[in-house]
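Written below as structure tokens is the structure these notes are about.
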């Protein structure tokens with residue numbers, strides 16, 4: 001799909017909260033994302049290429065990075081993961097017709113699920129799609145492809161149960177993002 | 001709103017608040033919030049205890065509750081929640097994740113049975129150089145350094161526990177209770193995380209029976225000594241490690257960890273302590289590391305030109321006299337050279353080089369050479 005869009009992603013919008021994400025948590029994702037972009041010496045408004053199922057680009061904006069933020073997010077791996085969550089959630093809400101995000105806990109962190117406003121409101125995760133996100137602070141194409149394949153393999157286990165899945169890889173140095181819908185299950 | 005959704009949303013809000021508190025460094029608050037999240041999520045999951053309840057909601061809630069139980073160290077309860085999750089009709093991937101969680105519970109219980117705790121503080125060792133690419137490194141360069149890092153950690157544990165230097169045999173007493181775990185390698189250029197496990201805290205009233213140090217103390221001490229070593233601040237390092245044997249041992253191991261200058265150009269240690277990072281990068285090649293002479297007689301020997309540098313095979317060892325162990329080197333011309341090994345070097349520095357072609361530097365003392373440094377000789 002080529003949407004031909006050239007929109008904007010404003011990380012600070014996350015701190016207003018999203019359906020299923022509290023403003024406090026959203027603020028943390030926005031701060032982590034800002035630290036990741038700033039660390040790669042990008043200027044506000046940097047162009048983020050989106051590849052995969054959706055081919056488009058966005059201008060990304062974030063808040064000024066403070067010393068306190070740098071201290072809080074100095075664990076590079078953790079900050080990259082959180083920053084990637086933030087970018088991925090904004091992308092999904094803009095690129096797809098999913099409007100609700102559900103979360104649950106899993107051994108390795110947060111498990112995101114995507115839903116639509118008209119879906120079952122009684123029970124969580126009904127008719128929902130899983131969202132798999134992975135972040136890379138600085139890596140080449142091979143690393144991006146390798147992460148994407150790993151995540152796609154994980155979501156393929158969903159095929160038998162017809163759980164749709166979306167995989168998002170966010171790479172902060174280029175910066176670029178691969179958004180892939182698990183075709184067989186969508 | 002449905003009660004299940006209400007409770008689950010409340011649990012996730014609490015878990016999100018816990019994650020934020022942790023990032024901000026409020027560990028105590030994070031733990032409290034995590035426990036509240038766990039208790040609330042269990043309530044939500046138990047509302048769907050009937051195995052015919054709708055999936056994937058049922059299994060996702062039990063998996064979520066089990067994850068939170070593990071975070072709160074409620075291992076038995078986590079096991080029960082996983083079993084409940086699997087007893088319904090979970091989708092294949094959720095069932096797989098429930099089994100993964102069960103393995104995680106088993107690992108934590110294995111530690112618990114051994115009476116040890118794996119602390120969150122970790123020491124990351126990364127290597128970079130011509131032969132190292134993103135996520136891949138020559139096994140020899142990595143394995144050797146991991147073994148040296150292990151020695152460095154356990155010698156530091158024994159030193160902090162005020163044990164006399166142990167030239168041979170296994171560690172004794174509380175020092176034996178510490179362990180080392182390695183986590184999945186990371187691509188940066190190639191990094192592994194080392195986590196120290198420690199004995200569980202002694203019960204009140206039994207503190208005297210078990211000397212106890214936190215892994216954070218061990219990591220701080222190693223980083224502090226490596227910083228002094230890296231700056232060649234010999235006096236500073238001596239103040240930190242006053243006992244000769246431990247000092248020689250530390251310097252010998254730290255030199256082995258240093259880059260060779262070709263295949264590996266940098267070896268970095270990063271300590272993560274409660275989210276705070278501290279880093280030491282060893283960039284000077286091993287052969288260029290110079291620390292001030294250890295003894296006056298060594299200084300005088302150097303002035304008089306009695307310095308020895310011999311290359312040959314390490315073939316004989318005599319460890320009968322503690323503190324004055326000897327080795328013999330056969331050089332390329334077949335001539336034997338006796339080398340006295342000072343305390344602190346035999347077990348960790350010399351022994352791994354047995355039967356190898358090595359380069360020895362030291363100074364002549366009567367007819368023998370007193371060892372100062374020994375390393376694998378480069379192949380011509």
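Determine whether the range A:38-58 contains at least one residue that is touching a helix residue (DSSP H, G or I) at 6+ places or on another chain (Cβ under 6 Å) and within 14 Å of chain B (Cβ to nearest Cβ). No, every residue in the range A:38-58 fails to be touching a helix residue (DSSP H, G or I) at 6+ places or on another chain (Cβ under 6 Å) and within 14 Å of chain B (Cβ to nearest Cβ).
Counting only residues that are more than 13 Å from the chain's Cα centre (by Cα) and in a strand (DSSP E or B), the range A:93-144 holds 9 of them. Considering the range A:121-134, the residues that are in contact with a helix residue (DSSP H, G or I) (Cβ under 9 Å, 6 or more places away or on another chain) and more than 9 Å from chain B (Cβ to nearest Cβ) include one that is farthest from residue A:21 (Cα to Cα), namely A:134. How many residues are modelled with pLDDT of 90 or more, more than 7 Å from every other protein chain (Cβ to nearest Cβ) and under 16 Å from residue A:22 (Cβ atoms) when one looks only at the range B:20-35? Total meeting the criteria: 5.
When residue A:29 is tested against the conditions (1) within 11 Å of chain B (Cβ to nearest Cβ); (2) closer than 21 Å to residue A:139 by Cβ; (3) surrounded by fewer than 19 Cβ atoms within 10 Å (Cβ to Cβ), the lone failure is (3). For the range B:74-84, does any single residue satisfy the condition of being closer than 23 Å to residue B:215 by Cα, in a helix (DSSP H, G or I) and free of Cβ contacts under 8 Å to residues at least 60 places away in the same chain? Yes, the range B:74-84 has at least one match. Select from the range B:72-94 the residues that are within 12 Å of chain A (Cβ to nearest Cβ) and surrounded by fewer than 19 Cβ atoms within 10 Å (Cβ to Cβ) and list them in ascending order. Passing the criteria: B:72, B:89, B:92.
Of all the criteria given as (1) within 11 Å of another protein chain (Cβ to nearest Cβ); (2) farther than 23 Å from residue A:132 by Cα; (3) within 25 Å of the chain's Cα centre (by Cα); (4) without any contact (Cβ under 8 Å) to a residue 40 or more places away in the chain, the one not satisfied by residue B:101 is (2).
Pull up the range B:1-12, narrow it to residues that are buried (at least 20 other Cβ atoms within 10 Å of the Cβ) and at the interface with chain A (Cβ under 8 Å from one of its Cβ atoms), then point me to the one that is farthest from residue B:83 (Cα to Cα). Here the residue is B:12. Among the residues examined, residue B:60 qualifies as facing chain A (nearest Cβ under 9 Å), closer than 30 Å to residue A:15 by Cβ and more than 34 Å from the chain's Cα centre (by Cα).
Tell me yes or no: at least one residue of the range A:88-100 is in contact with a strand residue (DSSP E or B) (Cβ under 6 Å, 6 or more places away or on another chain), over 16 Å from residue A:169 (Cα atoms) and within 14 Å of chain B (Cβ to nearest Cβ). Yes, the range A:88-100 contains at least one residue that is in contact with a strand residue (DSSP E or B) (Cβ under 6 Å, 6 or more places away or on another chain), over 16 Å from residue A:169 (Cα atoms) and within 14 Å of chain B (Cβ to nearest Cβ).
The values are calculated or read from the model by the stated rules, or taken from the named source; none is laboratory data. Quick caveat: nothing in here was measured; it's all calculated off a predicted structure. Note: ideal-geometry Cβ built from the backbone for every residue, glycine included; neighbour counts use all protein chains shown.
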